[in-house]
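Note sheet for the following structure.
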Amino acid sequence: MAALQQRTTDLIRAHEEQVLASWLADLLRAGQVQDNRISQRELEVQVRDFWRLFLAAVTSRDASSLQDDQWQDIRHFLEDLSRDRVPRGFSSSETATFIFSLKRPLFELLQQGYADAPKELGGQMWAMSELLDQLGLHTVKAFQKTREDVIQRQQEEMLELSTPVVKLWEGVLALPMIGTLDSQRTQVVMESLLERIVETGSEIAIIDITGVPTVDTLVAQHLLKTVTAIRLMGADAIISGVRPQIAQTIVHLGLDLQGIVTKANLADALALALRRTGQNVVKVTA
């Protein structure tokens, strides 16, 4: 990264209020405070906090790379800024505008300050542009990482919500499954189910696949893994919701489900589970 001359840093310090006012005006024109996602007061505080860190970094002799220690505080500031703007609904381009909109005020200041030295002006404008580009790219990277973390967390929460473990009876758990069963979801299913088996001391777990659209070799393998894990915990498993189409598919694929009890619906599976636990449901007549 090209270095800024002492003349440039002195120029910036001498006209900082002018630069800040122009920068803030550009941010407001860019719609940074529209829809009340952030107040003008908050934006002003962020502008001044960034500027304080920016001045401290650019006036350092050793500030030749954005990865240097002198830039650590400003990197953390931009990362915090990005994390704050993701849940507020800002896009990556809107977030990066916070940095890139600083170019115009600084370029205008350099043009005024180096009017008598056009050759030096070109070098300093290039150095300033390179610096702000790197800061902007760092902001975008931090924004994208934060958004990816949010998406991943939401996916994990949705997986947990889509695989609820229900206590049907004393010693009997049920896991109604809806949608496609993949490797990631199988892992969540096993963890949730095994934890509930330990918590409740249940003897039987019913896996209901009524809401699973199709069963192929991969889905069957995931089911077998789940059943194996249940048995290793000392409990037994029953698979319910085996519709005629699924039964035909299993036979056609030649899948081996021997040793696994299956039932057509959840009611039949519950009745079997109750019998196995020494209980019986009878109809009370008036």
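The values are calculated or read from the model by the stated rules, or taken from the named source; none is laboratory data. For clarity, every value in this text was computed on a predicted model and none was experimentally measured. Positions of Cβ are generated from backbone atoms using ideal geometry, with glycine treated the same way; all protein chains shown enter the neighbour counts. Please note that ligands, DNA and RNA were not included when accessible areas were found on the heavy atoms of the full protein model with its side chains. Shrake-Rupley method; radii C 1.70, N 1.55, O 1.52, S 1.80 Å.
For the list (1) touching an Asp or Glu at 6+ places or on another chain (Cβ under 7 Å); (2) surrounded by fewer than 18 Cβ atoms within 10 Å (Cβ to Cβ); (3) of a type outside the set (Phe, Trp, Tyr), I need the number of the one condition that PRO118 fails.
That leaves (1) as the condition not met.
For the range 86-105, give me each residue that is charged (D, E, K, R) and touching a Gly at 6+ places or on another chain (Cβ under 8 Å). Before you say what the answer is, go through the steps one by one.
First, the residues of the range 86-105 that are charged (D, E, K, R): 88, 94, 103-104.
Matches in the range 86-105: GLU94 only.
Collect the residues in the range 229-252 that are assigned to a helix (DSSP H, G or I) and surrounded by fewer than 12 Cβ atoms within 10 Å (Cβ to Cβ), keeping them in residue-number order.
Our first condition is that a residue be assigned to a helix (DSSP H, G or I); within the range 229-252, this holds for 229-232, 244-252.
If the condition is that a residue be assigned to a helix (DSSP H, G or I) and surrounded by fewer than 12 Cβ atoms within 10 Å (Cβ to Cβ), then LEU232, PRO244, GLN245, GLN248, VAL251, HIS252 are the ones that fit.
Taking into account only those residues within the range 24-34 that are in contact (Cβ under 8 Å) with a residue 60 or more places away in the chain and surrounded by 18 or more Cβ atoms within 10 Å (Cβ to Cβ), which is farthest from SER92 (Cα to Cα)?
The residue in question is LEU27.
Can you run down the residue pairs with Cβ atoms below 8 Å, 6 or more apart or on separate chains, where the first is in the range 1-23 and touching a residue at least 40 places away in the same chain (Cβ under 8 Å) and the partner is open to solvent by 60 Å² or more (accessible area, probe 1.4 Å) and in a loop (DSSP other than H, G, I, E, B)?
MET1/SER64; ALA3/SER64
Which one of these is farther than 21 Å from ARG276 by Cα and among the polar types (S, T, N, Q): SER202, SER192, SER240?
SER192
Please work out which one of (1) at pLDDT below 90; (2) among the hydrophobic types (A, V, I, L, M, F, W, C); (3) crowded, with 16+ Cβ neighbours inside 10 Å; (4) over 30 Å from ARG153 (Cβ atoms) is the condition LEU175 fails and give its number.
Every condition holds for LEU175 apart from (4).
Under 7 Å between Cβ atoms, which residue pairs at least 6 apart in sequence (or on different chains) link something in the range 124-144 that is open to solvent by 50 Å² or more (accessible area, probe 1.4 Å) with a partner that is not in a helix (DSSP H, G or I)?
These pairs meet every condition: TRP126/ALA2; GLU130/MET1; GLU130/ALA2; GLN134/MET1; GLN134/LEU66.
Answer yes or no: is there a residue in the range 188-208 that is charged (D, E, K, R), within 18 Å of ALA229 (Cα to Cα), modelled with pLDDT under 75 and surrounded by 13 or more Cβ atoms within 10 Å (Cβ to Cβ).
no
In the set GLN70, GLN46, GLN18, which member is more than 19 Å from ALA3 (Cβ to Cβ) and open to solvent by 50 Å² or more (accessible area, probe 1.4 Å)?
Matching residue, one of GLN70, GLN46, GLN18: GLN18.
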